[in-house]
Each structure stands twice: as C-alpha cells, then as structure tokens.
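Written below as structure tokens is the structure these notes are about.
None of the figures in this text is laboratory data; all of them are computed from the coordinates on show. Computed from a predicted model, the values in this text were never measured in an experiment. Every residue, glycine among them, receives a Cβ derived from its backbone with ideal geometry; neighbour counts consider all protein chains shown.
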C-alpha cells in the first residue's frame, strides 16, 4: 500500500465536518507529504482543502497532480476536470487530464483532449511537450486499433499478490520465482514456489543482504554463479523519482555467497541513480544491462550496458555505454531483459508511442545496434504501467508487473505480479522506399498500413504509420504473412505482400513501392469509407461518435471543425494528422 495514512484520512473527515482544521493547514500537511513522496496522502489533503474552498484552483491542480503521481487516475480526473480548459492559468492541467483519460482506457476522449491541449497551447510552439502530445495521440490511435485485434491470452495474477507492492519478478525456474515487495514497510526480495496448483506464501529470500535500505530487483546471471540487486536509500520512498539507487553484486564461491559489494563508482555516478539490473552471456562475456539517468543519454531514464569476462572473480565491468536512440527516448526506459536465444531485448518505455503509462517493447540486436522496437500486443500491454517482463528459463511462460486492476485488487495505485504465455518474438524487419513512378523521387507524408494475413487469407490490421520522408522500417515477427498498403495524396493506393518464407530471424526484407498518380475517384474507391465520418477523417476524429459531438459546447465544436479543416481537404480523402509520430 502506497503510504496510506489512516490517521490523516480520519483527521480530514472528522475535523472538516467539525470545521476545526482550516484548509490552509491541510495544504501545509499536503506539502509535507509531497516532499516525502507520499502522493496518495498529499492528494487527499489537497483535495479536502479544495472541496471546502472551490475558488482555490491551485489546490485543485495540486490535488490532481498528487493523485496522478499516485496513479489514482479517477481522482486525478476529478480535480483536473474543472481547470483543464484554462490554458492560460493552468497550462499543464489539460495535458494531465488527457493522460488520465488514457490511463483509464478512454482512448477516444483522450485523443480529443490531447488535440484540444495542442490547439490551445500558448507557449513555445517548439516545446518538447508538443512532441510528447503527438506521441500520446499516436498511442491512442494504436490502442483503438489493437483493441479489436487483442490476442486471446490469459493474464493471471499470482496468488501471493497483496495490497502492497509486488514487482520485479525473477523466475529462477518454471516453479520458483523471486520478486520484490514492500509488504514489510521496507522493500525486500522474497521467494515463492508453485506447489499443488498455487503459489506458496512468500518467504524472505535466503540471499545476502546489502546495506540498510530498500533491497529489490534481484537477478541471477545465466549460470547462477552471481546475483545482482538494487539498494535504494531509505531516506526517500523507493519508487520516488529522486530516490538514489545503486547496484550490488555477490558471487557464489565454494557453495556460499560472498558478501555483497557495490559495483564500481563509474556504474552509478555521483548525483545519479542506477537500478534494474539484467544479466546475459554472449561470446564469452557477461553483459550487464541496467537503467540509469547518467549523463550522455537520450533523456530521462535510459538503458545502459557494460560487460566483463565470464568467470571473472571481480566485478570489474567495462565503462557503461548507452543502448542508443533506437531503444532509448527522451522519456523513460525501464526493466531490461535480454533473451540470449532470441537475441532480443525486452524493456518498458513511456517514451515510445504506447497504450498508456509504460508499455513492454522488444528489439532484436545487441550493443548499440537494434531494430526498431516492437510493442507487445494487448492484453500483455494495457493502458496502465506494464514492466519487468521476464521469461522463465526453459519454459513457455513469462512474468511481468503491472498496476492494472484485478478481481481481488481494483486499485491502480499498486503493482502486482502476473503470468502470461510467452509471445513468440523472433524478429525480422521489413524496410523500403516510396518512389514516385515517373520521377523516381521519394514520396513524402504517406500512410502505411500493415496487416497480418492468416492461412485462410483473412487479414487484420496491425499498425498504421506515417511515413514522413518516404522511407520506412517495420519490425515484424517471423512465421507470418504480411500485407502492406500505402496511401499518399495524389497517388493510387498500392499494396504488396511479404511471405513468411522471406522472413528469417535478423533479416531485413526490402519492400519498395513505385507509386503512380491517381484520380480522385481512384482514391475514394480504394479507401471504401465505412461511414460519412470515415470518408473525411481518420484516427481519433473518425472514432468520434455523433452523440458525443452533440454533447460538446459551441467552443468545442468550433475547435473540432477548425481542426478538421486543417487536416482534411477534398479530394485528399485520407487525413494523416492523427498518426504523426
């Protein structure tokens, strides 16, 4: 449980009814909770103060933001809603309001809200935040596409989940799992075993302990001769953005574990954090992947790697290198896991277009050379946080952590551990150029749709991408047939098939297009719009329901009309604004 203080809640409810605690005192308490990283309590205190004095919009913003940080999105929406349209006074309220809508899975409304925020933005037109908004809109579009094609997979919460945090699962085998939990107040690593059809009551892991602090995110190396884990200083909540964490290691020698030692100072630089280790073996070397906010990265938390010789008796790793801009973004990348057999890195990111929060991605490669990351399908990914994906060795199951609600725990404020069948993820890549057939020049600003085709010839849309510069690269899973469709203004739509026997692990298949000019009639016939709105819009605008439009006020309707004029001009039937990345 994220620092829920029952005494505070009781104080708020009783004292306010008796009018004995002033809203200003509640705000002071809320500020102290925010400083301590106790976001749920801060949100309750700010909200109680605002509920008494509705003219204090700052308290509404502070309550909404505190609940957003606590991942209580329904309460965040409650306090952001009344101020979300006041861009002059509260420029970020609309952004967090839209993010909260996306988190609860309201993708259509979230996309509209992100567009409103972008249209009403009064700050720097080149601000990085606007790029983030475009990413969020694209994520909403992907979610609406993926909802209809979600894989039939069973996601099972494990028996040992509680009202506390359970996260960072590390399968030791197919029936033993280690994970991290704050059920005892301080984070520690525990162990559970699958026996008689259920997971046993967890016990503390019989592993060496580091210094005083939150001990979590433990992993074994592949031959189980070393164990790595994170220690976060206990003067801050372990999940706080400014928590300071370091990676420790211990080796198994003569049947016993050595005393843990902190990895070299160049792994965790002064004033920064290093956490979430993952270990893989390749070419006689032991590779350590981890997450850090080191200088020289792409922004936020990035994935880094270093190595040492297998069998080395010291933790003298090479100097860390950044995994590069294909994997890392200006946002945060978390929880790396490298599958040596697939040569694939699994990780979570909130910087790549996503369904909401952190989504799980995979990318084939090594070092700093990676294919474009591929998003794991629904229901592995959700509109909430999904991370710490790891496969059990020699098994067809994987484990991950998420704050998605379950039958037992309806809250979204805490993480639980889940089990899922392994998604085959051996990757190849389809890349190509879009040429004008008459001039051989690249065709810019086209829309590329990729479908997966089954043995019966039935197709399902997997992704829609905006090809800005005429060149595209798409990671795909091997073993499937794909159909690519290209639509561009002034050109006839064109498609081509890529057969499964062309795609081998790590290969790049070239699929160029020669586009020929088209008449208006050709474009309209090719697109076959489903309804009047589809004929003039795409993406979230196409998903806008007429009954929802009827509920908008005059200003909202005008904004929608103007936005439509900007993105739609007949005979350019296809609008690509909604998928700009």
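Modelled this way, with points 7 Å down the Cα-to-C-beta line, the labels at residue 440 and residue 270 are 5.9 nm from one another. Here the extension length gained between residue 461 and residue 281 equals 61.1 nm, from 0.36 nm per residue of separation less the Cα-Cα distance. With R₀ set to 25 Å, the beta-carbon distance separating residue 495 from residue 130 gives a calculated FRET efficiency near 0.15. Working from Cα pairs under 8 Å separated by at least six residues, relative contact order for segment 6-147 is 14 percent.
Its Cα gyration tensor gives segment 166-421 an equivalent ellipsoid; the semi-axes, largest first and in whole Å, are 24, 23, 19.
Between segment 375-421 and segment 263-335, the alpha-carbon centres lie 24 Å apart.
Residue order for 214, 451, fewest other beta carbons within 10 angstrom first, comes to 451, 214. With N as its number of residues, segment 427-520 has a Cα radius of gyration that, divided by 2.2 N^0.38 Å, comes to 1.07.
Taking each residue as 0.36 nm, the span from residue 194 to residue 340 lengthens on full extension beyond its C-alpha to C-alpha distance by 50.0 nm. When each of 441, 118 is scored by the number of other beta-carbon atoms lying within 10 Å, the sequence from fewest to most is 441, 118. Ranked for footprinting exposure by Cβ neighbours inside 10 Å, fewest first, 78, 262 give 262, 78. Restricted to Cα atoms, segment 6-147 shows a radius of gyration and a Dmax of 16.5, 52 angstrom.
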